[in-house]
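Below is one structure; the comments refer to it alone.
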Amino acid sequence: MKLTAITTAGALLLSGAAFAQQTITVNIGSSHPEANIWVYAMKNTFQPEVNRILAENGNAYQVNWVENYAGTLYKFTDTREAVMDGIVDVGMVGTVWEGANMPLQNVTYFTPFATEDHRMIIEIFDELSESLPELKNSWAENGMVHLSSLITDSYDIYATFPVNTMADLQNRKLNAPGTSANWLRETGATPVDGALTTYYTNIQTGVTEGTLSFASGILPTRVYEVAPELTRVGIGSMYFGGLAANKDFFDGLPEPVQQAFREAAGATSIAHGDYVGDLAARALDEMQAAGLTIHQLPDEEKTKWVTGLPNIVEPWLEQTGEDGKTVLKAYFNALRERGVTPLRNWDDGL
């Protein structure tokens with residue numbers, strides 16, 4: 001962080017004294033491009049909101065943004081390290097890729113079929129990341145300050161075949177990376193690791209026959225061209241990670257700038273939710289126009305899927321201990337307080 005005292009043009013006089021403005025250099029970046037759902041609001045809301053708030057508060061501080069988007073400094077496997085080590089001062093952190101270092105943040109991926117309301121997930125995790133010591137301390141222990149929550153829209157099945165009954169999944173191979181592989185346990189389908197960047201080729205070459213994914217990710221990667229059958233399942237929206245600041249950098253900011261970051265982060269959460277909602281809706285329209293056929297998994301079949309899953313949250317609870325129990329209970333309490341009835345009570349017995 002660099003603070004520079006400069007005298008504004010013409011040595012602006014306030015009460016007979018020259019007004020000095022401090023310029024703060026902020027390196028901001030991500031492993032993904034600006035149009036990506038987890039980055040869009042950083043560039044288009046967070047940065048301009050910080051500028052606006054500082055200007056409205058008297059313009060005593062100005063930010064010089066040094067942008068490092070689209071993986072110019074680091075790749076998606078290094079988002080935590082990039083912010084933690086100060087490669088960037090502010091960045092997108094994908095906790096979904098940090099199961100060993102930040103497992104508490106991955107609670108939604110171990111509790112599917114909770115809610116499809118991605119805006120609610122943002123609201124809950126903005127609140128819990130600040131108010132719940134277990135989550136807040138996890139960010140601090142990794143040298144970061146959580147600013148704004150990042151999510152996905154709801155996961156469904158994009159495949160070469162429709163899913164009308166659970167029997168249609170028997171002996172099928174579906175891309176289901178990381179923790180999402182657990183969602184296919186006891187379904188008869190075989191999960192295959194992968195990422196949005198590999199699904200198209202995997203399906204095209206027959207390595208897999210489809211994938212578990214979300215509309216806002218499928219549209220830009222054009223996976224619908226090789227997987228033209230979408231079955232709406234409603235596995236749920238997931239907490240993906242957060243917009244975060246390097247803790248040493250943030251703690252060294254003047255208090256008015258810290259406050260501007262906090263206020264801008266709140267606006268970023270709202271903008272992120274709106275962008276994902278708009279993009280997911282537009283994605284479905286555009287993909288249907290390009291030939292995608294949409295099916296709905298019948299409720300009774302969905303119930304079979306949900307109730308047939310083993311207790312996939314148990315290994316996560318064993319890994320995270322009492323902190324995990326606290327986070328899980330707080331998450332499900334927050335859902336129920338907002339009127340949600342999860343299709344499975346993953347917090348039973350805690």
Within the stretch 135-253, considering only strands (runs of 3 or more DSSP E) that don't extend past its boundaries, which have at least 3 residues that are more than 29 Å from residue 82 (Cα to Cα)? 155-159, 229-236
Of (1) modelled with pLDDT of 95 or more; (2) of a type in the set (Val, Ile, Thr); (3) closer than 30 Å to residue 204 by Cα; (4) surrounded by 22 or more Cβ atoms within 10 Å (Cβ to Cβ), residue 165 fails just (4)
Hey, residue 258 hits all of (1) within 28 Å of residue 83 (Cα to Cα); (2) in contact (Cβ under 8 Å) with a residue 12 or more places away in the chain; (3) in a helix (DSSP H, G or I) but one; which does it fall short on? (2)
So which residues in the stretch 174-215 are touching a helix residue (DSSP H, G or I) at 6+ places or on another chain (Cβ under 6 Å), farther than 21 Å from residue 94 by Cα, crowded, with 18+ Cβ neighbours inside 10 Å and not β-branched (Val, Ile, Thr), if there are any at all? 189, 191, 200
When you look at residue 129, is it in contact with a Ser or Thr (Cβ under 9 Å, 6 or more places away or on another chain), in a helix (DSSP H, G or I) and among the polar types (S, T, N, Q), yes or no? yes
Consider only pairs whose beta carbons are under 7 Å apart and that are at least six residues apart or on different chains; among these, list those whose first residue lies in the stretch 180-205 and is over 16 Å from residue 308 (Cα atoms) and whose second residue is at pLDDT 95 or above and acidic (Asp, Glu). 203/209
Going residue by residue through the stretch 327-334, is there one that turns out to be in a helix (DSSP H, G or I), out of contact with any Leu (no Cβ under 6 Å at 6 or more places or on another chain), assigned by TED's automatic domain parsing to the domain that holds residue 225 and within 30 Å of residue 35 (Cα to Cα)? yes
Matching entry among 155, 200 (being over 30 Å from residue 263 (Cβ atoms) and out of contact with any Lys or Arg (no Cβ under 7 Å at 6 or more places or on another chain)): 155
Residue 268 passes all but one of the listed conditions (1) surrounded by fewer than 23 Cβ atoms within 10 Å (Cβ to Cβ); (2) farther than 18 Å from residue 64 by Cα; (3) in contact with a strand residue (DSSP E or B) (Cβ under 9 Å, 6 or more places away or on another chain); (4) not acidic (Asp, Glu); the exception is number (1)
Out of everything in the stretch 37-64 that is in contact (Cβ under 8 Å) with a residue 12 or more places away in the chain and part of a loop (DSSP other than H, G, I, E, B), what residue ends up being nearest to residue 282 (Cα to Cα)? 37
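Results for (1) within 21 Å of the chain's Cα centre (by Cα); (2) more than 30 Å from residue 49 (Cβ to Cβ); (3) among the hydrophobic types (A, V, I, L, M, F, W, C); (4) surrounded by 13 or more Cβ atoms within 10 Å (Cβ to Cβ), shown as yes or no for each residue.
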position	(1), (2), (3), (4)
272	yes, no, no, yes
276	yes, no, yes, yes
281	yes, no, yes, yes
288	no, yes, no, yes
296	no, yes, no, yes
303	no, yes, no, yes
306	no, yes, yes, yes
313	yes, yes, yes, yes
324	yes, yes, no, yes
For the stretch 206-237, enumerate the residues that are under 16 Å from the mean Cα position of the chain (by Cα) and without any contact (Cβ under 8 Å) to a residue 12 or more places away in the chain. none
From the list 240, 250, exactly one residue is within 18 Å of the chain's Cα centre (by Cα) and surrounded by 19 or more Cβ atoms within 10 Å (Cβ to Cβ). Which is it? 240
Given the conditions (1) more than 26 Å from residue 251 (Cβ to Cβ); (2) within 14 Å of the chain's Cα centre (by Cα), which single one is not true for residue 91? (1)
Pairs with Cβ under 9 Å, 6+ apart, first in the stretch 297-322 and assigned to a loop (DSSP other than H, G, I, E, B), second at pLDDT 95 or above and of a type in the set (Gly, Ala, Ser): 297/234; 313/324
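The values are calculated or read from the model by the stated rules, or taken from the named source; none is laboratory data. Quick caveat, the model's predicted, so the values are computed rather than measured. Please note: Cβ atoms are built from the backbone with ideal geometry, for glycine as well, and neighbour counts cover all protein chains shown.
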